[in-house]
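Report on one structure; see the data block that follows.
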């Protein structure tokens, strides 16, 4: 069966046979960068279209349906439009920071791609502190947003950026604690080991109620971290027109837009990896027959299926809930989610020490 | 330009205590049109709101001074474009009162039905727009599904979907469309089924409730002092329904409740409007099967002339009390006309009730005041 | 309260008031400097005319007339129209916005449209027109050669 693993292995063997190890590594790096950029472009197109279709379905309308069959080329056409548009820089803006900000946001999203296991043995960088790496890098995205808000020299942008700063910094905590519950259960920070530990069942099912709570907390926290409704205060368009990216146009705006979707994708992949077993097929204990059938579905399909399920969940939130107010948002985190997270972590630690999980 | 709050171009020069002056509007997604609010902020907290009007002022009052009593009704459709039928009714009633024109029963009943349909359509749009202000997009489309049926009915009967101009002094311009009754009944049936969807999606939503409960509280005394009317005043416990106080058309023969809530917050204003839609449906149900046969327009002279004197007519639009005040010198045109628009008074209370709250609360408060800018500017 | 009682009550407080019952509602005309005290009397007990639902001005070419439509929130069937003539060349009248808060915005509108100056108004600025607009558009002699309003 053709799997991603065999493709990577063949490529590497071929490269090593032809070139010296250093050159082979360089070529591999170039291939990886190209693939990452392609993935970003494709994801941007797919996720935007998906969002519009999901929204349309929820809102009893059709959504894009003119460009291409079923409107599948709509986002491509939109991208073309955005590329052709002039990227305005306001006169009074801090030009350097203003132009840098979208790239910072984008770069952070790209860096997060490194330790994610897309399929069995298909991972760019299996770093032994994978989860820690993700937590630390993802908190950098706030810098790009603050930069954009400040450099725009626009009051709406500034308000949006300040909101975003407060929000991301607060919700980082809950997300971090939710991630930690799995680390405590697995005893490892490495992504590949976390996935391997779920061979006989996903943590969501193995870990009793505390892990379910952690999963819910994680979904809430990352929705807030990625500035998605109902936590989209940073760009609350009925209050702040467009928040931190009010002044951006053309491709620079598109980068923010793309980064938002990439971030959603990444947090969903992490959620899938930690709670839903990553690329691991659905295995139930010792049901050998069942497990064997599940193994026939390629690991990449499992991974993408889980990720897109979570993405759909986050999109569903956006089109159902109204937006929270800024003080309610912070109250929710500091008064409810954080104490629950702390207590939940304690519970999980007890479960892990006593070995009560399956 | 403005001597108190300048439109600050240089952001480095903030207010005396580091206050931020933000121009909300005239182009802003939440001001629904061209309302311009100069908002003074301290962080996220609102210190002062100052409305600047006039971006859509068409000097309707001056214009009406040179229009005849048949013509000036058409201009009023453009005031509160969401209640254009009711505006037309107010003007027609005033001319009828001034000239003692007898209106046929058929016209009265049809006018009442159309007025209530307009009220429902207006509240539907309001629910959608208000939910959108709070960041929920989906209710907008649900509300528009039913509103679309009303606009279709209007289109069939009046020939227009927004500015109907269907009501003329003496009755109606044309007779109703033969399908009118079946279409309205179909609408009533669908509305009754689907209204629970908004309840599920909006009313019971925890976030929606926490965003609106206790936000923008308007006390009954303030509502009276600021001259608020319509759902805004009724949510504060002030009974002010003109349909009850001074019934016009067929309102004296239908049975309906005046919805009065006492909380006075944004949620109460929301509830009042939702319940009012149900009452409107109730009114339509009573009348739709009992449209009397006969003429649709009474006998009027070709040239309308009001007697010398002053006339005032009040009606209840979707937003509150619309008053038309005409000073007549006995000619074919009004000497002076004044429209007491509900939105104008409701807007004046905004600064008072939104001061000290957060920007997000301003959206909830402003949304529930249901401002229509052409109605305020006239 | 019947119209007769209202008239009696008002005459007791403002003896010079002129009544006119030809219209739908009772009209009371007073001198402009007596308007404010009378308004305060009407707003208080027992009349309780606490709802000012319409405030406007009419240009009669010889003079301007301020028109206040009042009603009571407890008894909406009583309606009173209060009128006061003001000089056209130098229109000055006391503000009523400390009695009815709604008058603040309505008086600003009258100020820019008719040029009536309201004494002791807290914030008498133009509301609708631009700040450098010349003339009073709703006066009868207003001519605007650029934006023609006459039809």
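Rule-based calculations on the coordinates, nothing more; no lab input. This one's a predicted model, so the numbers in the text were calculated from it and none came from an experiment. Glycine gets a Cβ as well: all are built from the backbone with ideal geometry, and neighbour counts include every protein chain shown.
Before moving on, here are some points about what is shown:
- Shielding score for C:96-104, defined as the mean number of other chain Cβ atoms within 10 Å: 4
- With the highest mean first, a sort of the peptides B:326-333, A:16-23 on other beta-carbon atoms found within 10 angstrom per residue produces B:326-333, A:16-23.
- Ranked list, fewest to most other Cβ atoms within 10 Å of each Cβ, for B:366, B:154: B:154, B:366
- Length gained when the stretch residue A:300-residue A:327 is fully extended (0.36 nm per residue, less Cα-Cα span): 5.6 nm
- Peptide A:229-238 has a mean of 5 when you count, residue by residue, the C-beta atoms of other protein chains within 10 Å of its C-beta.
- Of all DSSP beta bridges in chain C, antiparallel share, percent nearest 5: 70
- FRET efficiency, residue A:288 to residue A:73 (Cβ-Cβ, R0 35 Å, nearest 0.05): 0.15
- If you plug the beta carbon distance of residue A:19 and residue A:80 into 1/(1 + (r/R0)^6) with R0 = 25 Å, you get a FRET efficiency near 0.10.
- In this rough spin-label picture, where each label sits 7 Å from Cα along the Cβ direction, the residue A:61-residue B:244 distance is 3.8 nm.
- Percentage, to the nearest whole number, of Cα pairs in the protein assembly as shown over 57 Å apart: 23
- Residues B:369, B:162, B:41 arranged by fewest to most Cβ contacts within 10 Å: B:162, B:41, B:369
- Its residue count N sets the reference 2.2 N^0.38 Å, and the alpha-carbon radius of gyration of the range A:32-179 equals 1.25 times that reference.
- If you bin all the Cα-Cα distances of chain A at 10 Å, starting from zero, the percentages per bin are 5, 22, 31, 26, 13, 3, 0.
- Kirkwood-based Rg to Rh ratio, the range B:282-350, C-alpha trace: 1.12
- Crossing angle, helix B:105-133 versus chain B [Cα axis fit, 0-90 degrees, rounded to tens]: 20
- Between 0 and 90°, nearest 10: helix B:359-369 axis offset from chain B longest Cα axis: 10
- Acute angle (nearest 10 degrees) that the helix B:84-99 long axis makes with the longest principal axis of chain B, alpha-carbon atoms: 50
- Taking packing as the residue-averaged number of other Cβ atoms within 10 angstrom, the listed peptides A:153-161, A:37-45, B:31-39 run from highest to lowest as A:153-161, B:31-39, A:37-45.
- Put the Cα centre of the range A:12-78 next to the Cα centre of the range A:304-331 and the gap is 23 Å.
- In nm, spacing of pseudo-spin labels at residue C:24 and residue A:29 (7 Å Cα→C-beta vector): 8.5
- Cα centroid of the range C:57-100 to Cα centroid of the range B:153-184, whole Å: 38
- When chain C is reduced to its Cα atoms, the Kirkwood hydrodynamic radius in Å: 16.3
- Highest to lowest packing among B:187-193, C:31-37, scored as the average C-beta count within 10 Å: C:31-37, B:187-193
- A Förster distance of 35 Å, applied to the separation of the beta-carbon atoms of residue A:343 and residue B:221, puts the FRET efficiency at 0.15.
- For the peptide A:314-325, the mean number of other protein chain Cβ atoms found within 10 angstrom of a residue's Cβ is 6.
- Fewest-first ranking of C:13, A:245, using other Cβ atoms within 10 Å as the exposure measure: C:13, A:245
- Net lengthening on full extension, residue B:285/residue B:203 (0.36 nm per residue, minus Cα-Cα): 27.0 nm
- Beta bridge orientation in the protein assembly as shown: antiparallel %, DSSP, nearest 5: 85
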